[in-house]
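**Q** The structure under discussion is supplied below as structure tokens; questions concerning it will follow.
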């Protein structure tokens, strides 16, 4: 499924709609170049999970934890050089928990990601405008069928 966002607000709104649908234990892989709006998307997802905290990218801490309707683990693995770094923080315990896990730059640690996941790829489309994004959602596993319910 491809969705077009023409502004930062629309990117956040799409994330919020997804956040209202996610379930306990979901694993969301977020892919996109620098500046594509991955963290804005996570802000929306958190809003949909009824999280009131200010959302920031955990670039230097690797993971931030938030509590809302469901617990959210927000990973940023951009600076991870070795998969052993991820194992050292207890990555498996995080992603195989009842929380929702969203992983920015998940393509950097593909070998550690379970096959059953929801992948979101955000791509800039500069010829359409500075904030124009194409957001593609794809998934493996029946548990993510709710993606079809996102009403944009």
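**Q** Would it be correct to say that residue 109 is modelled with pLDDT of 90 or more and not in a helix (DSSP H, G or I)?
**A** no
**Q** Within region 97-143, take every residue that is in contact (Cβ under 8 Å) with a residue 60 or more places away in the chain and out of contact with any strand residue (DSSP E or B) (no Cβ under 8 Å at 6 or more places or on another chain) and give me the one that is nearest to residue 62 (Cα to Cα).
**A** 143
Residue-wise test of (1) farther than 29 Å from residue 149 by Cβ; (2) surrounded by fewer than 18 Cβ atoms within 10 Å (Cβ to Cβ); (3) over 10 Å from the mean Cα position of the chain (by Cα); (4) free of Cβ contacts under 8 Å to residues at least 24 places away in the same chain.
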{"residue": "30", "(1), (2), (3), (4)": "no, no, no, no"}
{"residue": "42", "(1), (2), (3), (4)": "no, no, no, no"}
{"residue": "62", "(1), (2), (3), (4)": "yes, no, yes, no"}
{"residue": "70", "(1), (2), (3), (4)": "no, no, yes, no"}
{"residue": "73", "(1), (2), (3), (4)": "no, no, no, no"}
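The values are calculated or read from the model by the stated rules, or taken from the named source; none is laboratory data. Remember, it's a predicted structure, so these values are computed and weren't measured experimentally. FYI the Cβ positions are ideal-geometry reconstructions off the backbone, even for glycines, and counts take in every protein chain you see.
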